[in-house]
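The values are calculated or read from the model by the stated rules, or taken from the named source; none is laboratory data. The structure presented is a predicted model; accordingly, all values stated were derived computationally and were not measured. We place every Cβ from the backbone using ideal geometry, glycine too, and count neighbours over all the protein chains shown.
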Amino acid sequence: MITLDKFYINGAWVAPVAQETMPIVTPSTNAQIGTLSLGNAMDVDRAVAAAKAAFETFSMTSKEERLALLRKLAEVTRARLGDLAAAITAEMGAPATMSRDAQADSGLGHLEAFIAALEAHEDEEVLPNGDIVSREPIGVCGLITPWNWPVNQIALKVVPALATGATCVLKPSEYTPLSAQIYAELIHEAGYPAGVFNLVFGDGPSVGAALSRHRDVAMMSFTGSTRAGSAVSVDAAPTIKRVTLELGGKSPNLIFADSDVASAVTDGVQQCFYNTGQSCNAPTKMLVERAVYDQALSIARTVAEAQMVGDPEQEGDHIGPLFNQIQYDRVQELIQTGIAEGTRLLAGGPGRPDDLPTALQTGWFARPTIFCDVTPHMTVWRKEIFGPVLIISPFDTEDDAIAMANDTEYGLDAYLSTTDEARALRVARRLRAGSIHINGHATGYGSPFGGFKQSGNGREGGRFGLEDYLETKVRPPFAL
């Protein structure tokens, strides 16, 4: 049984002020695998005080000094990718292959991209009028990360803070503490000065809110639900903090008749189900040109029925369980709502897969599900389901496809498939989303990630991610 009863504050593992604990549960069997201590506002005060004190000196370090620390962090991260992957599989149910090749690897990929961005970054520039603009670290940063891509999101927030000379307090999801604990160990091993990075476990209403309200925190960066992001913004408002948010999504996937339909549909279904549908940028709304709609439905049904669901401890391209009972119940409720509203069920449906081994039947496994002929008045069109559930609808014209794609409160990612380059560029320009995937090709590490509308504000990754952690200062050239 694992016991996490210390927080990382001012360069040391210390006992929390609070006495509250919660179980650490693995979603594949719903069994308790450990116990986690939860913090409170007093624990946050200690962590912020350490970060504030450390900022006085760390903010004055040179780019070369910070690059040396980041390169050391990359070295120790590379050595412990296996540990990170095993932790993610245990705490949130990502299958072993995905945990290693995507979940854990993303922490290293983002880190290397930030190193490249910092190498190219200039601290100062001369304006055409002769004035000098400098970019300086913003101060103490409060960082709140989710459970669905735990290391990915920790790296996207912690690394740019460290790269720019800011200091930080991390509140990871209390449901995925194992990987966060390892990440703190990596930072300690890399040799960062005491107080530059601090880790406090706890829930949103206590630790998260205390961070957001703290007068000595200059910036909040949050990834999670739109509802919780709104709460962070409200809590931060009285102290006029900078707030960056990466929130929900209902990403459309436009498939035109001139595309390789079989490949586009297969890829779209598999990407929707990837990570058991628990990705904010998953292509969960497939829009297909009517001329190939029936063909697409046939392909999608075949792919869904072939999608394996199984033990996350095993290697393979199967999907694992949903993250916990709350998530499972929510997905089941939305599937039932889709059926009750008369949405046509193409594959899957409510409940667990029929062929689960006995040992996994207490886990939170859901059936890969597809609804088709979905219309905008239906709940499954509007809601972010955050499970292995895809909706499919037909469109007649390019304008119809764009209107349907943009008919959402979100704007994180959008996907499209066509062999017509002019159409691809034309449609991409009109889609209201932060990232556009074309013919199955996604952007890489170092590119900006973030959304329009209620998917958030700010961008993470590479030089765009560094900018969120910097303040701008201007001065005239020195003269007597």
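Pairs under 7 Å by beta carbon, first residue surrounded by fewer than 18 Cβ atoms within 10 Å (Cβ to Cβ) in the range 90-103, partner of a type outside the set (D, E, K, R), six or more apart or different chains?
97/316
So which residues in the range 110-148 are part of a loop (DSSP other than H, G, I, E, B) and closer than 27 Å to residue 199 by Cβ? Walk me through how you get there before you give the answer.
Of the residues in the range 110-148, the ones part of a loop (DSSP other than H, G, I, E, B) are 121-123, 127-131, 138-139, 145-148.
Once the filter is applied, which keeps residues that are part of a loop (DSSP other than H, G, I, E, B) and closer than 27 Å to residue 199 by Cβ, the range 110-148 yields 121, 138, 139, 145, 146, 147, 148.
Of all residues being surrounded by fewer than 21 Cβ atoms within 10 Å (Cβ to Cβ) and touching a Phe, Trp or Tyr at 6+ places or on another chain (Cβ under 9 Å) in the range 185-195, which is farthest from residue 24 (Cα to Cα)? Just the residue, please.
193
Select the helices (runs of 4 or more DSSP H) contained entirely in the range 336-438, then report the ones holding at least 3 residues which are in contact (Cβ under 8 Å) with a residue 60 or more places away in the chain.
Values: elements: 379-382, 398-406, 421-430.
Output list reads 398-406.
Would you point out which residue out of 399, 373, 355 is over 30 Å from residue 117 (Cβ atoms), among the acidic types (Asp, Glu) and surrounded by 15 or more Cβ atoms within 10 Å (Cβ to Cβ)? Spell out the reasoning first.
Working: 399 fails: surrounded by 15 or more Cβ atoms within 10 Å (Cβ to Cβ); 355 fails: surrounded by 15 or more Cβ atoms within 10 Å (Cβ to Cβ).
After applying the criteria, what remains is 373.
crowded, with 18+ Cβ neighbours inside 10 Å and more than 22 Å from the chain's Cα centre (by Cα): is that true of residue 405 in this structure?
Numbers: crowded, with 18+ Cβ neighbours inside 10 Å: yes; more than 22 Å from the chain's Cα centre (by Cα): no.
No: the conditions fail for residue 405.
Is it true that some residue in the range 280-289 is part of a helix (DSSP H, G or I) and at pLDDT 95 or above? Outline the logic, then answer.
Start the filter on the range 280-289 by keeping residues that are part of a helix (DSSP H, G or I), which leaves none.
No - not one qualifying residue is present in the range 280-289.
When you check residue 230 against the structure, is it more than 18 Å from the chain's Cα centre (by Cα), in the same structural domain as residue 165 (by TED's automatic domain parsing) and assigned to a helix (DSSP H, G or I), yes or no?
Working: more than 18 Å from the chain's Cα centre (by Cα): no; in the same structural domain as residue 165 (by TED's automatic domain parsing): yes; assigned to a helix (DSSP H, G or I): yes.
So residue 230 fails the test.
Check 332, 327 and return the single one that is over 18 Å from residue 26 (Cα atoms), surrounded by 15 or more Cβ atoms within 10 Å (Cβ to Cβ) and under 23 Å from the mean Cα position of the chain (by Cα).
Details: 327 fails: over 18 Å from residue 26 (Cα atoms).
It is 332.
Just give me the residues in the range 247-267 being outside any loop (DSSP other than H, G, I, E, B) and under 30 Å from residue 457 (Cβ atoms), in sequence order.
If we filter the range 247-267 for residues that are outside any loop (DSSP other than H, G, I, E, B), which is where we start, we get 252-255, 261-267.
Those that are outside any loop (DSSP other than H, G, I, E, B) and under 30 Å from residue 457 (Cβ atoms): 252, 253, 254, 255, 267.
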